[in-house]
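Taking it in order: structure first as structure tokens, then the write-up.
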Amino acid sequence: MRILHRGKDRCPLATATRLHGGPAATTHRRAGVKMDHMPDTCIDNLFEMNRSWSEGMTREDPTFFQRLSTQQTPKYLWIGCADSRVPANEIVGLDPGHVFVHRNVANVVVHTDLNCLSVIQFAVSVLKVKHVIVCGHYGCGGVKAALEGSELGLIENWLRHIEDVRDRHQPLIESIADHDARCDRLCELNVIDQVMNVCRTTLVRDAWRNGQELTLHGLIYGLKDGLLQDLGMTVTGSEQAGEAYESALAALATRPPQS
Ligand code: CO
């Protein structure tokens, strides 16, 4: 798929540096350095950076916030991992207003999760997004914990859904010797299975049945290079889902595991 990329770094720190120059840039570079060692209680920096970001956005586009405050017309719903290193808007270079976002640990779509289902309903039925993207990432801690059966308390119940993915694709996973590569293969399989779960929701099935144009995608993000890859799990209708699923799994089996 093709996602619009403005070709500009929209990171608040970079934005502030680019737009303000001089003293403000110094402030933000300093704040950025501090981020590495920022104690948990240091929230003042966030307000400072927010003010600077807001000023920078307004300077670049004086009506930006005014427009956004009266309407949102995103074309994409993003279902991603809660991992702090995978911020939806930033990695595709889109400003606020373009991506409707739901994130949870390991980008899981569960049929009884009212939170996720409500997001999908609002995005599909009200906002009329054109694309639903499930985006996983290599090196996902939730997927790794599920693969290893780690004892983590409450979250084990959530990760049980990924253990289901692991068990469903056991031969494919066990055919890989290297542990990290095995984990990354499960990250890929999890994306493909979660796209299938989106396909199976009544919300998406009804949208397709009513002739609504809606394409589902399965993407994976590399923490080491900042790049997205398309896993080929692209679905445009209920009748095509099974074929897309088998095709995406077959493609995965023939490509070397990433890590
Ligand atoms: Co993750």
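The values are calculated or read from the model by the stated rules, or taken from the named source; none is laboratory data. Bear in mind the structure is a predicted one, so any value in this text is a computation, not a measurement. Quick reminder, even Gly has a Cβ in these numbers, built from the backbone with ideal geometry, and neighbours come from all protein chains shown.
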Please indicate, with yes or no, whether at least one residue in segment 193-210 is assigned to a strand (DSSP E or B), within 30 Å of LEU127 (Cβ to Cβ) and of a type in the set (Ser, Thr, Tyr).
no
Subset of segment 212-228 that is of a type outside the set (D, E, K, R) and exposed (fewer than 15 other Cβ atoms within 10 Å of the Cβ) - its residue that is nearest to LYS128 (Cα to Cα):
GLN212
Could you look through segment 139-175, keep only residues that are of a type in the set (Val, Ile, Thr) and over 19 Å from the mean Cα position of the chain (by Cα), and pick out the one that is farthest from the ligand (Cβ to nearest atom)?
ILE173
Any chance ALA207 is within 25 Å of VAL92 (Cβ to Cβ) and small (Gly, Ala, Ser)
yes
Could you please let me know if GLY136 is within 16 Å of the ligand (Cβ to nearest atom), out of contact with any Ser or Thr (no Cβ under 8 Å at 6 or more places or on another chain), at pLDDT 95 or above and part of a helix (DSSP H, G or I)?
no
Just one of (1) among the aliphatic types (A, V, I, L, M); (2) in contact with a His (Cβ under 6 Å, 6 or more places away or on another chain); (3) within 16 Å of the ligand (Cβ to nearest atom); (4) closer than 14 Å to VAL204 by Cβ trips up VAL119, so point out which.
(3)
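Considering only segment 7-16, I want to know if a residue exists there that is at pLDDT below 50, under 25 Å from THR215 (Cα atoms) and more than 16 Å from the ligand (Cβ to nearest atom). Spell out the reasoning first.
Within segment 7-16, the first condition is being at pLDDT below 50, and the residues that meet it are 7-16.
Narrowing the set further to residues that are under 25 Å from THR215 (Cα atoms) leaves 7.
Going one step further and asking which of them are more than 16 Å from the ligand (Cβ to nearest atom), we end up with 7.
Yes, some residue in segment 7-16 is at pLDDT below 50, under 25 Å from THR215 (Cα atoms) and more than 16 Å from the ligand (Cβ to nearest atom).
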Got a number for residues in segment 72-116 being more than 16 Å from the ligand (Cβ to nearest atom) and either touching a Ser or Thr at 6+ places or on another chain (Cβ under 6 Å) or farther than 17 Å from MET196 by Cβ (or both)?
17
Any residue in segment 96-121 that's of a type in the set (Lys, Arg): show its pairings with residues that are buried (at least 19 other Cβ atoms within 10 Å of the Cβ) at Cβ separation under 6 Å, as long as the two are six or more apart or on different chains.
ARG103/GLY80
Of the residues ARG200, ARG185, ARG103, ARG168, which single one is of a type in the set (Lys, Arg) and in contact with a strand residue (DSSP E or B) (Cβ under 6 Å, 6 or more places away or on another chain)?
ARG103
